[in-house]
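Derivation of every value follows stated rules applied to the coordinates shown; laboratory data play no part. All figures in this text were calculated on a predicted structure; none of them were measured in a lab. No Cβ is skipped: glycine too gets one built from the backbone with ideal geometry, and neighbour counts run over all protein chains shown.
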Amino acid sequence: AVTDFDGSFIFEDVDIVPRAVYGITTMYQGAFYAVEMKSPEWTSLPIEIVVYDSVADDSFISVDSMSILFEGVDKNAGNIYVMEMVTLSNPTDNTYISGPGVMDLLRFGLPEGALGFRMETELVSVDHIQVDRGFALVGSVPPGRHELLYSYHFPFNSSSIKFDKTLRYGSKSTRVLVPIGAMGVSSDQIAISDRFNIGSLEYEVLESKDSPKGTAFSI
């Protein structure tokens, strides 16, 4: 399709298949954008794809909230299972795109020996790669707030372990949830603030607010 003077375009003679899902994708300045057509009238309505200028610089990326959930302990296998939920924030009018090198990617730390890594996100066409001390996102982050969820397990071989975390992008709200009865928890940097239940399990909650970029803590 060729656009007219204002950027409009039309795809002619599109076959409409019942119950099929349709979408439009485009690349602009190295960033990937997608729109899914959900309205039954999409064949006759204008569909708009909003794009932004791209910047290969993560200095404006921050974290609105981060939750670290210790899901449980497998004593026989010697593994601790963890799920982390991160809300990334891009408050600008630019889309972040990955730079050419590993140090130019959005990076997140994992414990030493972490295995079974799985990630989910609604960010379009974003993948991940393993880096020295964790993983990095490969893709673009448009303006707005975006959810990132990942899980893993790591080994332990003693009755006491140290879990370190560095908040590379800071965090307005950080919570660590530890199942009571499965393990005890303490930290000099992040305070125990509450207890509550998730299903049948009761969790102890460690919480901190307004952590600047680069904040580190251990539990």
Report task. Compute the signed sum of charges (Lys and Arg +1, Asp and Glu -1) over the other residues within less than 14 Å, Cβ to Cβ, of TYR150. Result -> -3
Query raised in the report: Per the Kirkwood treatment, what hydrodynamic radius in Å, one decimal, follows for the stretch 74-216 from the mean inverse distance over all distinct Cα pairs?
Result: 16.8
Query raised in the report: Mind listing the phi-derived Karplus ³J(HN,Hα) values for the stretch 44-50, rounded to whole Hz, using 6.51, -1.76 and 1.60 with θ = phi - 60°, and x for any glycine or proline?
Result: 10, 9, x, 10, 10, 10, 8
Query raised in the report: Once the other residues with Cβ under 14 Å from the Cβ of GLU120 are scored (Lys, Arg +1; Asp, Glu -1), what is the net sum?
Result: -3
Query raised in the report: Sorted by mean Cβ packing within 10 Å, highest first, what order do the peptides 172-179, 25-32, 132-139 take?
Result: 172-179, 132-139, 25-32
Requested in this report: Return the whole-Å distance between the Cα centroid of the stretch 1-57 and the Cα centroid of the stretch 141-202.
Outcome: 39
Query raised in the report: Residue-wise, which Karplus ³J(HN,Hα) couplings in Hz belong to the stretch 117-123, taking 6.51 cos²θ - 1.76 cosθ + 1.60, θ = phi - 60°, and x for glycine or proline?
Result: 5, 9, 9, 9, 7, 8, 4
Report task. Tell me which residues come under 5 Å, amide H to amide H, from SER140 once H is placed; ignore anything under 5 positions away on its chain. Result -> PHE32
Report summary line: Of SER125, SER200, SER151, the most mobile residue in a GNM of the chain (C-alpha springs, cutoff 10 Å) is SER200
Query raised in the report: Residue-wise, which Karplus ³J(HN,Hα) couplings in Hz belong to the stretch 25-33, taking 6.51 cos²θ - 1.76 cosθ + 1.60, θ = phi - 60°, and x for glycine or proline?
Result: 10, 8, 10, 9, 6, x, 10, 9, 10
Report task. Using a Förster distance of 45 angstrom, determine the FRET efficiency expected from the C-beta separation of GLU207 and ILE47, and round it to 0.05. Result -> 0.60
